[in-house]
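**Student:** Here it is, the structure, as structure tokens.
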Amino acid sequence: MNKVNTELSKENPEAHDLSGLETVGIPFTDTAKMSMRDVNVFYADKQAIFDVSLDIGQNEVLAMIGPSGCGKSTFLRCLNRMNDTIDICSVQGSLKLEGQDIYDPKLDVVPLRARVGMVFQKPNPFPKSIYDNVAYGPRIHGLVNRRTDLDEIVETSLQKAGLWKEVRDRLHSPGTGLSGGQQQRLCIARTIAVSPEVILMDEPCSALDPIATAKIEELIAELSENFTIAIVTHSMQQAARVSHRTAYFHLGKLVEVNETEKVFTNPDHKLTEAYITGRFG
């Protein structure tokens, strides 16, 4: 691909002209779970995402990094149509989940968001018991008919989220009474209780201490055996630890996608190199 704009100004990299930029590296994969092509996102007349094309592979952990305001969270929210909740937001381009257009007007977003779950930056347990937080999704989606089946889903989900041993004796206590790290793992358990295919994580550890963060990162590695995961993170160290590929965004454009080790040791684009070496961001 064309490596345009490689002579980056060391004095002011953010002023770099991105017109004509093409993504470098390996944005596509033969095992795509989700495929996005020529995605543009607008907030009213302000464009936030410019012509992004990217695949997320089956059972892959893809990290999205970049400076604040570069569009990575906006792009992530496109992947399960969370941006639909913003009246002035419009999305153009092709976004597919296993070949199905997720922006098809006839598509029901409720089952889509069960297939593509999201874990947010700040833990947001419902004001319900630990049990009812996890059971909520299976109940509203009609996934179970018997209490014993629901009990099994709750236990399995909490086990997968690494929380079962810590809460099994207080399942009927409020989820809001857990620590921040436990609340985030409860939210992950709630997400996986409806058997999603993809899990989106928007800076899931930004509000957590280092010990809780380490537990979430271990969990991401375990979950990738069964789920496809896309994570937005401001921590380059976290991206390096948990992901298979890393995508670098800058001013709404996807600059580079490569194997994570390459991005952090020998990136293809000068903008990526400037960011990971701390020259801006």
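The values are calculated or read from the model by the stated rules, or taken from the named source; none is laboratory data. On a predicted model such as this, the values are computed, not experimentally measured, just so you know. As a convention, Cβ positions derive from the backbone with ideal geometry for all residues, glycine included, and neighbour counts pool all protein chains shown.
**Student:** In segment 21-34, what residues are within 20 Å of Y275 (Cβ to Cβ) and either surrounded by fewer than 18 Cβ atoms within 10 Å (Cβ to Cβ) or modelled with pLDDT of 95 or more (or both)?
**Tutor:** Passing the criteria: E22, T23, V24, G25, I26, P27.
**Student:** Scan segment 83-103 and give yes if some residue there is closer than 30 Å to S179 by Cβ and charged (D, E, K, R), otherwise no.
**Tutor:** no
**Student:** For segment 236-281: of the residues being part of a loop (DSSP other than H, G, I, E, B), of a type in the set (G, A, S) and at pLDDT 95 or above, which is surrounded by the most Cβ atoms within 10 Å (Cβ to Cβ)?
**Tutor:** S243
**Student:** For residues that are charged (D, E, K, R) and within 17 Å of L62 (Cα to Cα), tally how many sit in segment 174-203.
**Tutor:** Residues meeting the conditions: 3.
**Student:** Just wondering, is there one or more residues in segment 214-233 that are among the hydroxyl-bearing types (S, T, Y), touching a Cys at 6+ places or on another chain (Cβ under 7 Å) and modelled with pLDDT of 95 or more?
**Tutor:** Taking segment 214-233 and keeping what is among the hydroxyl-bearing types (S, T, Y), we get 224, 228, 233.
Still in the list and also touching a Cys at 6+ places or on another chain (Cβ under 7 Å): none.
There is no residue in segment 214-233 that is among the hydroxyl-bearing types (S, T, Y), touching a Cys at 6+ places or on another chain (Cβ under 7 Å) and modelled with pLDDT of 95 or more.
**Student:** Sticking with this one: So how many residues does segment 46-96 have that are in a helix (DSSP H, G or I) and in contact with a strand residue (DSSP E or B) (Cβ under 7 Å, 6 or more places away or on another chain)?
**Tutor:** The number of residues fulfilling the criteria is 8.
**Student:** Moving to a separate point now. Exactly one condition in (1) loosely packed, with under 14 Cβ neighbours inside 10 Å; (2) under 21 Å from F249 (Cβ atoms) is not met by D149; state its number.
**Tutor:** (2)
**Student:** Within the bounds of segment 190-202, is there any residue that is under 28 Å from S68 (Cβ atoms), touching a residue at least 40 places away in the same chain (Cβ under 8 Å), out of contact with any helix residue (DSSP H, G or I) (no Cβ under 7 Å at 6 or more places or on another chain) and among the charged types (D, E, K, R)?
**Tutor:** No.
**Student:** Go through segment 143-186 residue by residue and tally those that are of a type outside the set (S, T, N, Q) and either touching a Cys at 6+ places or on another chain (Cβ under 7 Å) or in a loop (DSSP other than H, G, I, E, B) (or both).
**Tutor:** If we filter segment 143-186 for residues that are of a type outside the set (S, T, N, Q), which is where we start, we get 143-144, 146-147, 149-155, 158, 160-172, 174-175, 177-178, 180-181, 185-186.
Now restrict to residues that are either touching a Cys at 6+ places or on another chain (Cβ under 7 Å) or in a loop (DSSP other than H, G, I, E, B) (or both): 143-144, 146, 161-163, 168-172, 178.
Of the residues in segment 143-186, 12 are of a type outside the set (S, T, N, Q) and either touching a Cys at 6+ places or on another chain (Cβ under 7 Å) or in a loop (DSSP other than H, G, I, E, B) (or both).
**Student:** Looking at segment 106-142, which of its residues are hydroxyl-bearing (S, T, Y), farther than 19 Å from N80 by Cβ and either in a helix (DSSP H, G or I) or in contact with a helix residue (DSSP H, G or I) (Cβ under 6 Å, 6 or more places away or on another chain) (or both)?
**Tutor:** Listed by number, the list holds a single entry, Y131.
**Student:** Turning to a different aspect of this structure: For residues that are among the acidic types (D, E) and in contact (Cβ under 8 Å) with a residue 40 or more places away in the chain, scanning just segment 46-104, find the one that is surrounded by the most Cβ atoms within 10 Å (Cβ to Cβ).
**Tutor:** Out of the qualifying residues, it is E60.
**Student:** Let me ask something else. Considering only segment 208-235, how many residues are among the hydroxyl-bearing types (S, T, Y) and either assigned to a strand (DSSP E or B) or touching a helix residue (DSSP H, G or I) at 6+ places or on another chain (Cβ under 7 Å) (or both)?
**Tutor:** Initial filter on segment 208-235 (among the hydroxyl-bearing types (S, T, Y)): 213, 224, 228, 233, 235.
Then keep just the ones that are either assigned to a strand (DSSP E or B) or touching a helix residue (DSSP H, G or I) at 6+ places or on another chain (Cβ under 7 Å) (or both); that gives 228, 233.
Residues meeting the conditions: 2.
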